[in-house]
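The next block holds one structure in the form of structure tokens; read it before the comments.
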Amino acid sequence: MNSRLLLTAALLLTAAAVVAAPAYEGRRKCGSCHRSELESWEKTVHATAMDSLAPGARVEARKKAKLDPDKDYRQDIDCVGCHSTGFGKEGGYDPKDPGKYLLGVGCESCHGPGSEYRLLHRKAGQAFEKKKQATPRQQLADAGQEFHFEERCAACHLNYKGSTWAGAKKPYTPFTPALDRKYSYEFGKAVRNDKAMHEHFRLEKVFTGPPLPSFHQEFQERARPPARGEEE
């Protein structure tokens, strides 16, 4: 009897954890406060990532990878995960019902699903505006915000057969360094590539303390002020 009760309790706890997991919401809600970042991101290759799966896109690259140049890969579940936001996750991109704010490699692809930490951003911003009171950044991490992006980036850029990345698994990308050197990937270089990443703007010290990405200080030293009214 006790073992059954323990099993039931464990299942209930597991179910509760699943229900409580943060959900993806799409870049529209992120951009309502972070307009500068969103406008900068819209000019990047990540913003148009889904376009490369359309029929007739990247013809020569597809031929080289032995893919059909005329196929519409926007419905191919082996492909869309690296060209959209949150595919296969709660609130994430669904090829059968493609929300436009989840198209492309958007905010939450790097920063994590935002249903919980987005609300905390707003609350902390209000506290900072009224009392100049900073909120511990750890609260954001606890709510699901990601501060160390290497693994999220590697999940697409290093997920090929023969990769040295420990997390590589099927379905592999066919676009590998062996196919063309331009598919080689180094996080330290990629995160500083303005054609791939959005511009980083000066933060207002709404949050304080760790965790922080390794490049935080470097980026902040050369960051421009955001549009008026925007906060961290």
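Once you've got the Cα coordinates, tell me which of Lys63/Lys182; Lys43/Lys66; Lys43/Lys132; Lys63/Lys89 are over 26 Å apart.
Lys43/Lys66; Lys43/Lys132; Lys63/Lys89
Tell me, what is the FRET efficiency for His148 and Asp70 to the nearest 0.05, using R0 = 35 angstrom and their Cβ-Cβ distance as r?
That gives a FRET efficiency of 0.30.
Straight-line reach from Lys205: which aspartates and glutamates have a Cα under 16 Å away, not including same-chain ones fewer than 8 places off?
Output for Lys205: Glu129, Glu218, Glu221, Glu230, Glu231, Glu232.
When the expected Rg is taken as 2.2 N^0.38 Å, what fraction or multiple of it is the alpha-carbon Rg of segment 103-232?
1.23
Pick the calculated Rg and Dmax of the Cα atoms in Å for this structure from [x] 17.2, 53; [y] 27.3, 82; [z] 19.9, 65?
[z]
Using R₀ = 35 Å, calculate the FRET efficiency as 1/(1 + (r/R₀)^6) where r is the Cβ-Cβ separation of Asp194 and Lys131; round to 0.05.
0.45
Under the 0.36 nm per residue contour assumption, what length would be gained going from the current alpha-carbon distance of Gln139 and Ala178 to full extension?
Extending this stretch completely gives an extra 9.8 nm.
Compute the distance in nm between two label points, each set 7 Å from the Cα along the Cα-to-Cβ direction, one at Leu119 and one at Arg202.
3.3 nm
No value in this document is a laboratory result; all are computed from the given coordinates. Because the structure is predicted, anything quoted here is derived from the model rather than measured. Cβ atoms come from the backbone with ideal geometry, glycine included; neighbour counts cover every protein chain shown.
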